[in-house]
Amino acid sequence: MTNSPFRLLPVAVALAASFAAHASDEQKLAELEKKVAILEAKEQNSIADKFSFNGFASLNMQLGNQNHGFMKSENKVRFDEGSLFGLQGEFEVNESTSAVVQMVARGNKKENWSPDIEWAFLSHKVTPNLTVRGGKLRLPLFMYSDYLEVGYAQVGVRVPNEVYGSVVLTSLTGGDFIYDVELDDSTLSFQGFAGSQKLSASKHSYNADTQFDDIAGGVVNWTDDTWTLRAVYAQSVISSSTNWNVNSNLMLVSEVTRTTVEGFYYDVDAAYLTAAYRLDEVTPYITVSHMETQDDDERNAEANRQLANVLQNPTSASAKYAYGSAKALADKLNTQRTTYSIGARWDFLPNIALKGDISYLTGFGSTNGGVASEYKNDDNILYTVKVDAVF
């Protein structure tokens, strides 16, 4: 019996060593799992950091003094026309490449809040001065083209329809490049674009699917952060624009465009001038815009030709139909109009602006002025209240 403790001692030592080794393995495994969890969290955070999201929204209330139809207005309060909600997401593929998608849902009758992808493109910075993009891009015809739906970026309740409404296409599927040249105190930018686009009937007032092929053009933009001069040439559009701040409170914006399109769409000269002055959170503004179609003679000649055919064949249903179509087309597309707008913008909260506007339509000449024909000789006024937000 005296030797028993000595025989058990090696066993006890062995068991203790085994328990210690097991505890050490569990500790190492726990530390390893902790390190893996940290690495996974860092990886997830790294991926999350590559995503960025922005949004914008507009709640538009408008009222016409009668059913003249300008901007789809009626002589009752409407909230659908001009109201929209948009989201934009960007994913940083690497330091020089990113993917951008912008989706917009509009409340007008044609679209009824159906979401539509406005932007979907890849952007790659080849050099610090040169960027190339491919996919669905905004067609850069006008000063406000890049933020056409972002009402918060605009002073007034809307961009002047006399200028911006003359081209129904706002985006293209294709590619572009942007090259910046840094001067002493200013920046000169060159942009070239090419592509095509199909426009469905639900996207414009002509109610016809339209295919735009061989879209090509260029933009030259110069700015010194006080003055901005911009010129655009496209397949059938030439535009020159000016945007400048005389000081931190006064803003003047003007665009002059000439649109010449073969076939169905009209040729039109248009221009506008906006003057705004910021008084703390409130910015009152006035806008004068004018448009006049340049190819009325072609449509009138066709209507007169069809009328002569009716007079020669008074019983022909097809002749009467052809005349009616030609006359309706001339009445719809022949347009001359001057619009005077006065309004104010109130930035009452960060990233939210409340706007009010009164627009008076006049100077229709011998046309209907783009309003319902029965009101062409009346005073036509549009009242608008709008809330714009970005987030």
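Summary table
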quantity: Sole residue being farther than 18 Å from Thr274 by Cα and in contact (Cβ under 8 Å) with a residue 40 or more places away in the chain, chosen from Thr384, Thr338, Thr315, Thr367; calculated: Thr367
quantity: Some residue of the stretch 360-374 being assigned by TED's automatic domain parsing to the domain that holds Ala276, in contact with a strand residue (DSSP E or B) (Cβ under 7 Å, 6 or more places away or on another chain), in a strand (DSSP E or B) and surrounded by fewer than 17 Cβ atoms within 10 Å (Cβ to Cβ); calculated: yes
quantity: Filter result for the condition that a residue is within 30 Å of Asn377 (Cα to Cα) and either in the same structural domain as Arg138 (by TED's automatic domain parsing) or hydrophobic (A, V, I, L, M, F, W, C) (or both), over Phe85, Phe91, Phe53, Phe79; calculated: Phe79
quantity: Candidate set: the stretch 316-342, residues that are part of a helix (DSSP H, G or I), among the aliphatic types (A, V, I, L, M) and within 34 Å of the chain's Cα centre (by Cα); chosen: the one farthest from Asn377 (Cα to Cα); calculated: Ala326
quantity: Selection status of Glu81, in contact (Cβ under 8 Å) with a residue 24 or more places away in the chain and assigned to a strand (DSSP E or B); calculated: no
quantity: Subset of the stretch 91-143 [loosely packed, with under 15 Cβ neighbours inside 10 Å, over 17 Å from the mean Cα position of the chain (by Cα) and part of a loop (DSSP other than H, G, I, E, B)]; calculated: Val93, Asn94, Glu95, Ser96, Lys109, Asn112, Val126, Thr127, Pro128, Asn129
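Table: residues versus (1) assigned by TED's automatic domain parsing to the domain that holds Leu273; (2) of a type in the set (Asp, Glu).
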site: Ser98; (1), (2): no, no
site: Gln102; (1), (2): no, no
site: Asn108; (1), (2): no, no
site: Glu111; (1), (2): no, yes
site: Trp119; (1), (2): no, no
site: Val132; (1), (2): yes, no
site: Gly135; (1), (2): yes, no
site: Met143; (1), (2): yes, no
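Residue-by-condition table, conditions (1) within 21 Å of Ser359 (Cβ to Cβ); (2) buried (at least 17 other Cβ atoms within 10 Å of the Cβ); (3) assigned by TED's automatic domain parsing to the domain that holds Thr257; (4) in contact with a His (Cβ under 8 Å, 6 or more places away or on another chain):
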position	(1), (2), (3), (4)
Glu281	no, no, yes, no
Tyr285	yes, yes, yes, no
Ser289	yes, yes, yes, no
Arg305	no, no, no, no
Pro314	no, no, no, no
Ser325	no, no, no, no
Ala328	no, no, no, no
Thr339	yes, yes, yes, yes
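The values are calculated or read from the model by the stated rules, or taken from the named source; none is laboratory data. Computed from a predicted structure; not experimentally measured. For neighbour counting, all protein chains shown are included, and Cβ atoms are generated from backbone atoms with ideal geometry for every residue, glycine included.
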